Amino acid sequence: MIEYKIVVLGTGGVGKSALTVQFVQNIFVEKYDPTIEDSYRKQVEVDGQQCMLEILDTAGTEQFTAMRDLYMKNGQGFLLVYSITRMSTFKDLADLREQILRVKDTDKVPMVICGNKCDLEDDRVVSKSTGTSQAAQWGCQFMEASAKLRLNVPELFYSLIHQINAQTSTKHDKKKSSGCVLL
């Protein structure tokens, strides 16, 4: 069984834990309880293949930033979460992305930008087009989700699995084509 390491990142209060718990346990956590770091495992089937997801739900508060380099190094796919009701949480994603690219020492990493809390349309301050254009600029995927309504929650994680698979098969193809042939 293939294992995938997915890291959920974003500022405190954007709904990282709510999205993760909704995906893993099918329940919505209403109460905000700041996370230090939680790890979840879930077996899923993607494209007819059984997979084990190891999902790291990270701290959104500044005091735990020292742990970030380690889980960024080990992560294969990254879910960058912001709240559509707070522009500052959207702006904070740029620093997280830069840190991921620096730690991974590459410019292409499986990543999804997630505008969470899309059920709070009346409180929206970050437009969908703002998220879409940022994702296009960074060359990654964008989705809006609602942990409360379970809207696009599984799709976020499945998208990362597809991206990881695509990147892995590309790397394998490059290794095959660069090998020497002995005659």
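The values are calculated or read from the model by the stated rules, or taken from the named source; none is laboratory data. The shown structure was predicted, so the numbers you read here are calculated from the model rather than taken from an experiment. All Cβ positions, even for glycine, are placed from backbone atoms using ideal geometry, and neighbour counts span all protein chains on display. Just the protein is used for accessible areas: all its heavy atoms, side chains included, with ligands, DNA and RNA removed. Shrake-Rupley method; radii C 1.70, N 1.55, O 1.52, S 1.80 Å.
If you go through segment 103-131 and keep only what is modelled with pLDDT under 95 and touching an Asp or Glu at 6+ places or on another chain (Cβ under 9 Å), you end up with just Val103. If you filter segment 1-28 down to residues that are open to solvent by 30 Å² or more (accessible area, probe 1.4 Å) and part of a strand (DSSP E or B), you find that the one that is nearest to Lys91 (Cα to Cα) is Lys5. State whether the residues of segment 56-64 include one that is out of contact with any Pro (no Cβ under 6 Å at 6 or more places or on another chain) and open to solvent by 80 Å² or more (accessible area, probe 1.4 Å). Yes. Which ones in segment 115-139 are more than 17 Å from Asp92 (Cβ to Cβ) and basic (Lys, Arg)? Within segment 115-139, Arg124, Lys128 meet the criteria.
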